[in-house]
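Only one structure is covered here, and it is reproduced in the block below.
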Amino acid sequence: MQSQKSRKNQTQSNKVKFIPATQIALLLILSEGPAHAWHIKKILDERGFEEWVDMKLSTIYKSLGILENKKYIQGEKKRDEQLSKKIYTITEIGEQKICEQIQFCLRSPPRTKSLFDLGLAGISLLPKSDALSALEEYKGELDNGIYWFELQLEKMENVEEIVKSAPNQIIVGGATAKEFQSSRHKFVVKALFERPYYIVKAQRQWVEEFIQSIREDEGEFKFREV
């Protein structure tokens, strides 16, 4: 039986309207202090946000305009070295919105649609050999993903040693070893890579077991006859 607190949290989640991921990322950055669009993009690059949000500068400008119209941020033009830049600052309403969105994302993030699940639903339409071939290829892609994540995580784990020998080596996104080591966000950045890494590893284990069950099947799986 659900507790009163659990039911209350679920009711609150149902009332929250999820805003686009790019807008959430911009509010996150601006919650740390005022910034202009180019600086925001630099921070997003450094923290590896390209894995989760649209990083094009045109999208960033468009999203900033939307947030400004909603009064979540306010922009002020300032001159810097003979250039006019619009500096954006998060408002009190914006701070309330980003806290609401963070809780919503952690508690009940929207489920992403997977084409793999759609293919899995129709796998019986394929001959057994074609189904196994496709699954083996998928397993190979997962292996590539695991290898990539392990490389990134290894660099983060060894950042102190890298700083000594190559302080300007890129660690993640656009951040150098020196910048990453001194960042107060490195714990969160590492977590952002660890979570999908473990998800991909779990997917890899599942697909390997699924392939094996198909190979050993004695009639339970129904595939198209060749």
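The values are calculated or read from the model by the stated rules, or taken from the named source; none is laboratory data. Just so it is clear, the structure is predicted and the values come from calculations on it, not from any experiment. In this analysis, Cβ positions are derived from the backbone assuming ideal geometry, glycine residues included, and neighbour counts consider all displayed protein chains.
Working carefully through the options VAL200, VAL189, find the one that is surrounded by 11 or more Cβ atoms within 10 Å (Cβ to Cβ), among the hydrophobic types (A, V, I, L, M, F, W, C), more than 29 Å from GLU32 (Cα to Cα) and not assigned by TED's automatic domain parsing to the domain that holds ASP54. So that I can check it myself, show each step before the final result.
Values: VAL189 fails: more than 29 Å from GLU32 (Cα to Cα).
Exactly one of VAL200, VAL189 is surrounded by 11 or more Cβ atoms within 10 Å (Cβ to Cβ), among the hydrophobic types (A, V, I, L, M, F, W, C), more than 29 Å from GLU32 (Cα to Cα) and not assigned by TED's automatic domain parsing to the domain that holds ASP54, namely VAL200.
Could you go through the stretch 131-142 and let me know if any residue there is under 19 Å from the mean Cα position of the chain (by Cα) and under 20 Å from GLN212 (Cα atoms). Yes, the stretch 131-142 contains at least one residue that is under 19 Å from the mean Cα position of the chain (by Cα) and under 20 Å from GLN212 (Cα atoms). Under the condition of being under 24 Å from PRO196 (Cα atoms) and not in a helix (DSSP H, G or I), the residues counted in the stretch 141-169 number 2.
Taken over the stretch 37-52, the criterion of being farther than 22 Å from SER182 by Cα and crowded, with 18+ Cβ neighbours inside 10 Å is satisfied by ALA37 alone. Within the stretch 211-226, the residues that satisfy the criterion of being surrounded by 15 or more Cβ atoms within 10 Å (Cβ to Cβ) and not in a loop (DSSP other than H, G, I, E, B) are ILE211, ILE214. Here is the figure for the stretch 107-135: residues that are part of a helix (DSSP H, G or I) and not small (Gly, Ala, Ser) total 12. Would you be able to say whether some residue in the stretch 179-187 is within 17 Å of the chain's Cα centre (by Cα), outside any loop (DSSP other than H, G, I, E, B) and under 21 Å from LEU44 (Cβ atoms)? Scanning the stretch 179-187 turns up at least one residue that is within 17 Å of the chain's Cα centre (by Cα), outside any loop (DSSP other than H, G, I, E, B) and under 21 Å from LEU44 (Cβ atoms).
Screening ILE24 against (1) of a type in the set (A, V, I, L, M); (2) surrounded by fewer than 14 Cβ atoms within 10 Å (Cβ to Cβ); (3) within 23 Å of PRO109 (Cβ to Cβ) leaves a single unmet condition, (2).
Within the stretch 1-34, can you find the residues that are modelled with pLDDT of 75 or more and in a helix (DSSP H, G or I)?
Of all residues in the stretch 1-34, those modelled with pLDDT of 75 or more come to 17-34.
Hits for the stretch 1-34 are ALA21, THR22, GLN23, ILE24, ALA25, LEU26, LEU27, LEU28, ILE29, LEU30.
Considering TYR138, TYR197, the condition of being modelled with pLDDT of 95 or more, in contact with a Leu (Cβ under 8 Å, 6 or more places away or on another chain) and in a helix (DSSP H, G or I) is satisfied by TYR197 alone.
Are any of the residues in the stretch 129-136 in contact (Cβ under 8 Å) with a residue 60 or more places away in the chain and among the polar types (S, T, N, Q)? There is at least one residue in the stretch 129-136 that is in contact (Cβ under 8 Å) with a residue 60 or more places away in the chain and among the polar types (S, T, N, Q).
Among the residues of the stretch 35-73, those identified as assigned to a loop (DSSP other than H, G, I, E, B), in contact with a Ser or Thr (Cβ under 8 Å, 6 or more places away or on another chain) and modelled with pLDDT of 95 or more are LYS71, TYR72.
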